[in-house]
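One structure is given here, and the rest of the page talks about it.
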Amino acid sequence: MSSSPEPSVTVIGLGPMGRALAGAFVAAGVRTTVWNRTPGRDRELVELGAIGATSAAEAVAASPLTIVCLVNYDATDAVLRQEAVTAALKGRTLVNLTADTPDRARDTGRWAADHGIRYLDGAIMTPTRSIGTAQGVFIHSGPQELYREHQALLDTLGGTHTYLGEDIGRAAAYDIALLDIFWTSMTGYMHALAVAGAEGISPRELAPFAQGIGAILPPLFHELAEDVHEGTYSGEGNPLTSAVSSMAHIVHASEAHGIDAGVMRAAEALARRAVDLGHGADGFSRVAEVLSRRSSGL
């Protein structure tokens, strides 16, 4: 009775996230080949049991599944579209966990198909410390049969893995939308710390209250999503006219201290545009409709 072949994987890209991915595979006993454009990044992983490749082509040839995690798709193209690497990938599976735009993901999917490479796209929605734990969150898109074929090995990375559909660019679309929330929120928090500091409030003093504001958001996210989905844009609790007034106060207080209020001015301008269009009694959710209307040229 023959035994199942030893699971094996290649990880291309050994920045913080790539090292975390490779480390999780090694810790799980998966035969892991690694390669990075900058030599020396693989030393600790090799000491733990990974196999260091001398070239990207050698690395991808070592495993039926290659995971690439680089800074963007310009970087992945520079590595994967080299003739020797592309040839080595033919007939193998490539899972791209690099963050970029949906269009770039779809372009890479077309390139992969043209060269006989089996391709899945994906994104990692949690920090490096979550990899290999129950807290990790991964999203994937592409051919469902291909995802199912490699699901067990991908699950080795821990956490929750969600398959989003056949459209190669769907994972990247989720990633862009969710990072939009993250980075605008982080920018708002940094701005709040600056304004608070100008008023003599230390970051440590503000932080507990900031966490309180943060706790308000999850139920609001659900409520506002339903509001936008149904097209109700309810302003019963807080109409846009009130929101505009609140935003104007933040702009004034910031600029009185010489603090750049560009982000809040942009938010205020969106709310004022909705008011000017006759939606002053609606809720802030109306802004999503105004933005969508503008993008469609209406």
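So, with +1 on the Cβ of K and R and -1 on the Cβ of D and E, and no other charges, what is the size of the charge dipole of region 156-228 about its Cα centre, to the nearest 20 debye?
Working: 2 positive and 9 negative charges, 65 e Å.
So the dipole magnitude of region 156-228 works out to roughly 320 debye.
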Helix 262-274 sits off the longest principal axis of the Cα atoms of the chain, rounded to the nearest 10 on a 0 to 90 degree scale, by 70
Counting Lys and Arg as +1 and Asp and Glu as -1, each charge on the Cβ, what is the dipole of region 8-166 about the Cα centre in debye, to the nearest 20? 220
Picking from GLY235, ILE201, GLY212, whose Cα lies most toward the positive end of the charge dipole for region 186-269 (charges on Cβ: Lys, Arg +1; Asp, Glu -1)? ILE201
Largest first and to the nearest Å, give the Cα extent of the chain along each principal axis. 71, 45, 37
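What is the extension gain from PHE182 to ARG273, computed as 0.36 nm multiplied by their sequence separation minus the C-alpha to C-alpha distance, in nm to one decimal?
Numbers: separation 91, 0.36 × 91 = 32.76 nm, distance 2.41 nm.
Working it through step by step, the gained length comes to 30.4 nm.
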Label-reachable residues, region 180-203, where backbone N falls under 15 Å from a point 7 Å from HIS249's Cα toward its Cβ: 196
May I ask you to derive the relative contact order of the chain, considering only C-alpha pairs under 8 Å and at least 6 residues apart, and to give it as an integer percent? 11
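If you place +1 on the Cβ of every Lys and Arg, -1 on the Cβ of every Asp and Glu, and leave all else neutral, what size is the dipole of the chain about its Cα centre, to the nearest 20 Debye? Walk me through the numbers on the way to the answer.
On the way: 22 positive and 33 negative charges, 135 e Å.
Approximately 640 debye in magnitude.
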Subtract the Cα-Cα distance of SER242 and TYR189 from 0.36 nm times their separation in residues, and report this length gain in nm to one decimal. 16.9 nm
Cβ-based charge dipole, region 134-258, positive-most Cα from HIS249, ILE139, LEU179: HIS249
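Would you calculate the convex hull of the Cα atoms in region 80-236 and tell me its volume per residue in Å³?
Dividing the Cα hull volume of region 80-236 by its residue count gives 170 Å³.
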I'd like the distance separating the alpha-carbon centroids of region 17-64 and region 77-103, in whole Å. 16
If the chain between ILE201 and ILE216 were fully extended at 0.36 nm per residue, the gain over the current Cα-Cα distance would be 3.2 nm
Taking region 150-298 as the region of interest, what is the percent of Cα-Cα pairs per 10 angstrom bin, listed from the shortest bin to the one with the maximum distance? 9, 29, 33, 19, 8, 1
Listed residue (ILE117, VAL60, LEU291) projecting farthest to the positive dipole end of the chain, Cβ model: VAL60
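Nearest 0.05, what FRET efficiency do ALA256 and ASP103 give at R0 = 35 Å with Cβ-Cβ as r? Numbers along the way, then the final one.
Values: r = 42 Å, r/R0 = 1.21.
E(calc), rounded to 0.05, equals 0.25.
The numbers here are math on the coordinates, done by the rules we state, and not lab data. For clarity, every value in this text was computed on a predicted model and none was experimentally measured. Heads up, the Cβs are rebuilt from the backbone with ideal geometry, glycines too, and the neighbour counts pull from every protein chain shown.
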